[in-house]
Amino acid sequence: MKKLNLLFLLTIFVTFSYAQEKSSNDKKTITEIIFNEGNFLEGNYEYLSVKTRYNNTFSGSGFQIAYSRKVYKRFHLGVSWGKIYAKTDDNYEDLFWLDSETEIKKWEIGVAYLIINQKRFKVFSEVNYLGMFYNGLIERIIDSEGNPYNVVTGKSSDETFQLQVQGNIALYKNLFLTAKIGYGFGYNQYKSISLKTGLGYQF
């Protein structure tokens, strides 16, 4: 959670620093810069499917809140936060899980490039750094008969890079329908595929 707070603070700092620089050059106020330079706020429903390094799978759904801002020409910087309520099968066995149902907190920070820019339709390609946090099994020691005699639980996490494609379709003025598909490479614990859909507002 400390990393998440630091990432959000860094993004806000970059945004306001950029706004102040343009304000001094273009004689605009910070308010005019912040609210007229390609901000985008969205809320999404998300479905997440995951494959672990032990070849187990689990899936779940939840929500995501995301904010992005144009920083240079077609490049956008974005952050997001959300929760996934994941369920596993009864025969699921993995060192990093404790219960058959787990609440996963997620964050993403990354850079997007505007590939297609039309009045009513936009497509972005994104490279994100994805983090997940949840309460799980951290350590388990098994005796010679295969029975665990020392179990340690607590907060576990996983982080990986994610590629994502996002499409926005204008509904009314600055209101957009958004859809995303993302793939997390899973160099640590989890490979993932995410599907997101929701509403966004450009201001």
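The values are calculated or read from the model by the stated rules, or taken from the named source; none is laboratory data. Keep in mind that this is a model prediction, so the values were computed, not measured. Cβ: placed from backbone, ideal geometry, glycine included. Neighbour counts: every protein chain shown. We work out accessible area using only protein heavy atoms, side chains counted, and drop any ligands, DNA or RNA first. Shrake-Rupley method; radii C 1.70, N 1.55, O 1.52, S 1.80 Å.
Laid out as a table, the results:
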| item | result |
| --- | --- |
| Mean separation of Cα contacts under 8 Å (6+ apart) over length of region 96-161, as relative contact order % | 32 percent |
| Which listed pairs, of K122/K155; K83/K119; K87/K173; K70/K191; K51/K180, have C-alpha distances above 27 Å, in listed order | K122/K155; K83/K119; K87/K173; K70/K191 |
| Residue-normalised accessible area of region 76-132, given per residue in Å² at a 1.4 Å probe | 51 Å² |
| J(HN,Hα) series, region 47-52, from Karplus relation 6.51 cos²θ - 1.76 cosθ + 1.60, nearest Hz, glycine and proline x | 10, 10, 10, 10, 10, 8 |
| Neighbour net charge for L77 - beta-carbon separation under 9 angstrom, K R +1, D E -1 | +2 |
| Accessible carbon and sulfur surface of region 43-197 relative to its total accessible area, %, 1.4 Å | 55 percent |
| Peptides ranked, highest mean first, by Cβ atoms within 10 Å: ranges 123-129, 42-48 | 42-48, 123-129 |
| Total formal charge among the other residues, if their Cβ is under 11 angstrom from that of E126, Lys/Arg +1 and Asp/Glu -1 | 0 |
| Ordering of 69-77, 111-119, 184-192, 137-145 by burial proxy (mean other Cβ atoms within 10 Å per residue, highest first) | 184-192, 69-77, 111-119, 137-145 |
| Neighbourhood net charge (11 Å Cβ-Cβ; Lys/Arg +1, Asp/Glu -1) for K105 | +2 |
